[in-house]
Amino acid sequence: MKRFITHGTRCLTLALICSALLAGAAAAGELDAFAGKKGKIDIAGGTAHIPVMKDAAKRIMQANPEIRISVAAGGSGVGVQKVGEGLVDIGNTGRPLSDDEVAKYGLKSFAFALDGVAVAVSPKNSVANLTAEQVQQIFAGKISNWKGVGGRDAAIHLYTRDEASGTREVFWEKLLKKGAIVETANVVASNGAMKSAVADDSDAIGYVSIGHLDETIKAPTLDGVAPTQENARSGKYPIVRKLYMNTKGTPQGLCAAFINYIMGPEGIRMTAAAGYLPLH
Amino acid sequence: MAARLLYCAAAVSALAVLAILAFLVYFSLPLFQGDQLAALFSWHWRPLQNEFGILPMIAASLALAVSSMLVAYPLALGVCCFAHGLGPDWAARPLLVAVRLMSSVPTVVYGLVAAFSLVPLIRGASSGSGLCWLAALLTLAVLALPTIVLLLDNQFQRLESEIRLTAAALGLTRVQEMLQLTLPLSSRGLVMAAILGFGRALGDTLVPLMLAGNAPQPPLSLLDPMRTLTAHIALVVATDSQSAAYNSLFACGLILFLLTVLVNLGLRRIRTGATAHG
């Protein structure tokens, strides 16, 4: 018996060592690009990117302490401006760059992930499905009572995002078909603020990044399609946007290595772990 | 040496203010030319249709600052009169300590507490979402109150040390002293406190951003959402930095700056005016 345990333990240890070595080899393979390099990478901009960026930064810095990577927030607009002015190496955006931005700064974009945007209501709301047309009419102010879409008799409280929001842009373009959003709608400043506003207000309707959906808010199906990552991946759910990394000109050295790492198998795993759909 | 350092410090501060003004004017100058100006001074903020009207935000800023002062100022005056003679002595000190404590609470805490208590209350009592002028007004009033109280308290204390003996010799009660002497004599302090409180209410960003709903529409009802200039800048600053929407922010900044300057000039005028009379 004792012998068996010892034997078993030895086998287990061996297996563990083997798998650790294998994993190490795999990780080292991708992190090899950073071996022997030193220097720093500064990253700023879009807030949706941060979990992925931080995860990557941590792994790279652990493998090579000679490299320093800083990750700052600020939003898509800040990301463009900082990378354009040369203040950071990578500026992240949750929207494609405008032609003016590309022309002024000579920026190059690298899309690495897909994120969906879903209509959100309170869990107390009985409405379980909305058509795209109903959503358009609600945000245009033409339907102003939940009764109009099969809910209870109560005024609809509209919540939207500011014009700088990448989430708003994709929602407006792909779901509202560039239709109007009434000026009386409440405006909140982030996905997080939208979530708490809609969670607290039983007559609210708003929209959030799919990554932000949880039990505090409810996402009605859109034309019968549930806004899930699977449906976004298969193309059944069409309200999606890309997340971009942007550099000034073609990336060189460390910066190029970092972007390749994010686009590589490890980066894909980290992107998926953060709740987004990797593009590659 | 010390004097030179002080001169340097003074010069740097003065230059900083001038530089801010110069930058704001420089960046907003293109907006004040030709048809851009008409776009700026319209009632519609629809950047996607090239309408960059900031009139609703200017109106909201002024309406919110004035209305919150209408609530905060009488309350603050009452607190000060209570603490300086109209109320019992034993209550005066704890009251002022409490107000001082209020002034050290960060703005975001007021905003957060109001978002989870006041907003649902207003939502329950009306058909709106609760994020509205009224919610921001009441919270801003609480925020500006300590500033006004502390200024008035200072003023009253200074005056009382001067007139206490005279008042006592005349046989005035503390209530009479407050109503007949302290209040009339501190007219300039009363105005200064009002103006500084107004500046505090006008300049606050977080409370309107969190509580007022930020809908860019003229402030017509206490229960409708509104967007102040400060909240507007905070919301739009993350936008495409080459866009006209972004550029219009400099005009917002300039207008806020000028309003603050006007408030300060008003303050200065009242101070010198009072000295001339005194």
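The values are calculated or read from the model by the stated rules, or taken from the named source; none is laboratory data. All values reported here derive from a predicted model rather than from experimental measurement. Positions of Cβ are generated from backbone atoms using ideal geometry, with glycine treated the same way; all protein chains shown enter the neighbour counts. SASA here: full protein model, heavy atoms, side chains in, ligands and nucleic acids out. Shrake-Rupley method; radii C 1.70, N 1.55, O 1.52, S 1.80 Å.
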Selection count where residues are part of a loop (DSSP other than H, G, I, E, B) and among the aromatic types (Phe, Trp, Tyr), scope segment A:95-136 = 0
Qualifying positions in segment B:179-234 - within 14 Å of chain A (Cβ to nearest Cβ), more than 15 Å from residue B:58 (Cα to Cα) and surrounded by fewer than 23 Cβ atoms within 10 Å (Cβ to Cβ) = B:206, B:221, B:223, B:224
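Kindly evaluate residue B:21 against the criterion of being more than 14 Å from every other protein chain (Cβ to nearest Cβ), surrounded by fewer than 16 Cβ atoms within 10 Å (Cβ to Cβ), in contact with a helix residue (DSSP H, G or I) (Cβ under 7 Å, 6 or more places away or on another chain) and part of a helix (DSSP H, G or I). Let's see the steps before the verdict.
Numbers: more than 14 Å from every other protein chain (Cβ to nearest Cβ): yes; surrounded by fewer than 16 Cβ atoms within 10 Å (Cβ to Cβ): yes; in contact with a helix residue (DSSP H, G or I) (Cβ under 7 Å, 6 or more places away or on another chain): yes; part of a helix (DSSP H, G or I): yes.
Against the criterion (more than 14 Å from every other protein chain (Cβ to nearest Cβ), surrounded by fewer than 16 Cβ atoms within 10 Å (Cβ to Cβ), in contact with a helix residue (DSSP H, G or I) (Cβ under 7 Å, 6 or more places away or on another chain) and part of a helix (DSSP H, G or I)), residue B:21 qualifies.
Please count how many residues of segment B:41-62 are assigned to a helix (DSSP H, G or I), touching a helix residue (DSSP H, G or I) at 6+ places or on another chain (Cβ under 7 Å) and not hydroxyl-bearing (Ser, Thr, Tyr).
As a first pass, look at segment B:41-62 and keep what is assigned to a helix (DSSP H, G or I): B:47-49, B:55-62.
When the remaining residues are screened for being touching a helix residue (DSSP H, G or I) at 6+ places or on another chain (Cβ under 7 Å), the result is B:47, B:57-58, B:61.
Narrowing the set further to residues that are not hydroxyl-bearing (Ser, Thr, Tyr) leaves B:47, B:57-58.
The number of residues fulfilling the criteria is 3.
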Can you tell me which residue in segment A:80-100 is nearest to residue A:270 (Cα to Cα), limited to those that are facing another protein chain (nearest Cβ under 9 Å) and surrounded by 17 or more Cβ atoms within 10 Å (Cβ to Cβ)?
-> A:95
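Could you list, in sequence order, the residues of segment A:182-198 that are of a type in the set (Val, Ile, Thr), within 24 Å of the chain's Cα centre (by Cα) and either more than 9 Å from chain B (Cβ to nearest Cβ) or open to solvent by 40 Å² or more (accessible area, probe 1.4 Å) (or both)?
Within segment A:182-198, just A:198 meets the criteria.
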Residue match in segment B:125-135 (condition: in contact with a Pro (Cβ under 6 Å, 6 or more places away or on another chain) and away from chain A (no Cβ under 12 Å)) = yes
Residue satisfying condition, being without any contact (Cβ under 8 Å) to a residue 40 or more places away in the chain and basic (Lys, Arg), within set B:188, B:164 | B:164
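Looking at segment A:157-242, what strands (runs of 3 or more DSSP E) fall wholly within it and have at least 3 residues that are without any contact (Cβ under 8 Å) to a residue 40 or more places away in the chain?
A:186-188
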Within segment A:89-99, can one find any residue that is of a type outside the set (S, T, N, Q), free of Cβ contacts under 8 Å to residues at least 60 places away in the same chain and touching a Gly at 6+ places or on another chain (Cβ under 8 Å)?
-> no
Near pairs, Cβ below 6 angstrom, 6+ apart or cross-chain, from segment B:25-54 (more than 14 Å from chain A (Cβ to nearest Cβ)) to any residue that is open to solvent by 80 Å² or more (accessible area, probe 1.4 Å) and polar (S, T, N, Q) = none
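Within segment A:206-221, is there a residue that is within 9 Å of chain B (Cβ to nearest Cβ), over 21 Å from residue B:227 (Cβ atoms) and open to solvent by 10 Å² or more (accessible area, probe 1.4 Å)?
no
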In segment A:243-260, anything open to solvent by 10 Å² or more (accessible area, probe 1.4 Å) and assigned to a strand (DSSP E or B) is listed as A:244, A:248
Does residue A:103 satisfy being within 12 Å of chain B (Cβ to nearest Cβ), open to solvent by 50 Å² or more (accessible area, probe 1.4 Å) and among the aliphatic types (A, V, I, L, M)?
-> yes
Are there any pairs, at least 6 apart or on different chains, whose C-beta atoms fall under 8 Å, with the first in segment B:1-21 and within 26 Å of residue B:250 (Cα to Cα) and the second part of a helix (DSSP H, G or I), and if so, which?
-> B:20/B:257; B:21/B:257
Looking at segment B:77-117, which of the residues that are within 12 Å of chain A (Cβ to nearest Cβ) and open to solvent by less than 50 Å² (accessible area, probe 1.4 Å) is farthest from the chain's Cα centre (by Cα)?
-> B:115
Pick from segment B:236-266, criterion small (Gly, Ala, Ser) and not in a loop (DSSP other than H, G, I, E, B), ranking: nearest to the other protein chains (Cβ to nearest Cβ) = B:245
Out of (1) within 21 Å of the chain's Cα centre (by Cα); (2) surrounded by fewer than 24 Cβ atoms within 10 Å (Cβ to Cβ); (3) under 21 Å from residue A:242 (Cα atoms); (4) at pLDDT 85 or above, the odd one out for residue A:70 is which?
-> (3)
Might you let me know whether segment A:254-263 holds any residue that is hydroxyl-bearing (Ser, Thr, Tyr) and either farther than 21 Å from residue A:41 by Cβ or in contact with a strand residue (DSSP E or B) (Cβ under 9 Å, 6 or more places away or on another chain) (or both)?
-> no
Out of all the residues in segment B:222-235, is one or more of a type in the set (Ser, Thr, Tyr) and either assigned to a helix (DSSP H, G or I) or more than 20 Å from the chain's Cα centre (by Cα) (or both)?
-> yes
Limited to segment A:54-94, what total is found for residues that are farther than 14 Å from residue A:257 by Cβ, assigned to a helix (DSSP H, G or I) and of a type outside the set (Lys, Arg)?
-> 10
